[in-house]
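Contents: one structure, followed by commentary.
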Amino acid sequence: MAFILLVEDDAVTSTILARMVEQAGHQVEIAKNGLAAIELLEAQDFAVLVTDMMMPRLGGQELCEQVRTGERNRDIPILVTTGMIDAERLAWVEMFDGVEVFSKPVDVTKLVERIDALSTP
Amino acid sequence: MTQLDAIVDPGVLHDLFELAGSDLKFVEALVETFTDRAEMLCETLREALDAQDCESIERVAHEIRSSSSQLGALRLPALSKQLEARAAAGERDLGDLYEIFLSEVRLACEALEERARMISTPQTAGEA
């Protein structure tokens, strides 16, 4: 069992992802925006961070930047979920190690498989 | 293809139902979450359109696109994407889209509710 942080402001998507990740045997914490996620990341260790891109009060890109320069969970694998198809707006992903993109609507089976792979020692 | 099929992909809710261990209440709760949230977001959209607030318009359209596509809606995400793109480009006069958008949201909600009912109701022979 791994601790997974899910950052998503859309209630439908977060409900689906949380349910599937929990069914896979992991424990899920949900934050509705990047700022809330930062607080959780500073307080405890997580195995994987799953984050939406467009959110109020700190979006996915800014969250990734703060995580990679923070103290705790600095090297956490990050899975970014996004409906953006503009490659230019996703170019920043290449700047960071350990960040992967999942297009929305999310293929929950593939996302959970990836979470399982990343959280297995 | 039925009219319902053109609004909501028939397989998505059913796949979610099966992935959740045949939990009908889970699917019904998802649809209810979407319909409740969509109603509220349409009000927010109306205000944002009146105020020509592109940032808010984009945010609302993005959320509706995201959640509706995750439940298998087909037409609504496409319309949301148009609205989102136009707002992101700074187009302010988008009020003409509101009634079309509201109509599409209502159709998607009705279609999702019907899809959820179909999961709980055994299919009759020949039903699409």
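The values are calculated or read from the model by the stated rules, or taken from the named source; none is laboratory data. Computed from a prediction, not measured in an experiment: that's the story for all the values here. Every residue, glycine among them, receives a Cβ derived from its backbone with ideal geometry; neighbour counts consider all protein chains shown. The area values use the complete protein model at the heavy-atom level, side chains included, leaving out ligands, DNA and RNA. Shrake-Rupley method; radii C 1.70, N 1.55, O 1.52, S 1.80 Å.
When the stretch B:102-122 is limited to residues that are over 14 Å from B:Ile7 (Cβ atoms) and assigned to a helix (DSSP H, G or I), the one that is most open to solvent (accessible area, probe 1.4 Å) turns out to be B:Arg117.
If I filter the stretch B:42-65 down to residues being open to solvent by 40 Å² or more (accessible area, probe 1.4 Å) and acidic (Asp, Glu), which single residue comes out as nearest to the other protein chains (Cβ to nearest Cβ)? If we take residues in the stretch B:42-65 being open to solvent by 40 Å² or more (accessible area, probe 1.4 Å) and acidic (Asp, Glu), then B:Glu55 is nearest to the other protein chains (Cβ to nearest Cβ).
Set side by side, the residues A:Ala31, A:Ala47, A:Ala37, A:Ala43 differ, and just one is farther than 22 Å from B:His62 by Cβ, modelled with pLDDT of 95 or more and touching a helix residue (DSSP H, G or I) at 6+ places or on another chain (Cβ under 8 Å), which is A:Ala47.
The single condition from (1) open to solvent by less than 60 Å² (accessible area, probe 1.4 Å); (2) more than 27 Å from B:Glu58 (Cβ to Cβ); (3) of a type in the set (Lys, Arg) that A:Arg114 fails is (1).
Just so you know, in the stretch B:8-32 the residues that are farther than 12 Å from B:Glu113 by Cβ, within 9 Å of another protein chain (Cβ to nearest Cβ) and in contact (Cβ under 8 Å) with a residue 12 or more places away in the chain include one that is least open to solvent (accessible area, probe 1.4 Å), and it is B:Leu16.
Specify which of the listed residues (A:Thr51, A:Thr15) is within 14 Å of chain B (Cβ to nearest Cβ) and within 13 Å of the chain's Cα centre (by Cα).
Of the residues listed, the single one that is within 14 Å of chain B (Cβ to nearest Cβ) and within 13 Å of the chain's Cα centre (by Cα) is A:Thr51.
With respect to A:Val7, is the statement that it is within 14 Å of another protein chain (Cβ to nearest Cβ) and in contact with a Cys (Cβ under 9 Å, 6 or more places away or on another chain) true? When the stated conditions are applied, A:Val7 does not pass them. Annotation: B:Leu13 fulfils all but one of (1) touching a helix residue (DSSP H, G or I) at 6+ places or on another chain (Cβ under 9 Å); (2) more than 24 Å from A:Arg19 (Cα to Cα); the unmet one is (2). Here A:Arg19 meets the list (1) surrounded by 14 or more Cβ atoms within 10 Å (Cβ to Cβ); (2) touching a residue at least 12 places away in the same chain (Cβ under 8 Å) almost entirely, failing just condition (2). Just to confirm my filter: which helices (runs of 4 or more DSSP H) fall fully inside the stretch B:1-90 and include at least 2 residues that are touching a Cys at 6+ places or on another chain (Cβ under 7 Å)? Correct list: B:24-50. One residue alone among A:Ala37, A:Ala31 is more than 14 Å from chain B (Cβ to nearest Cβ), within 21 Å of A:Asp97 (Cα to Cα) and open to solvent by less than 10 Å² (accessible area, probe 1.4 Å), and that residue is A:Ala37. No other residue among A:Ala43, A:Ala24 is hydrophobic (A, V, I, L, M, F, W, C), within 14 Å of chain B (Cβ to nearest Cβ) and open to solvent by 40 Å² or more (accessible area, probe 1.4 Å) apart from A:Ala24.
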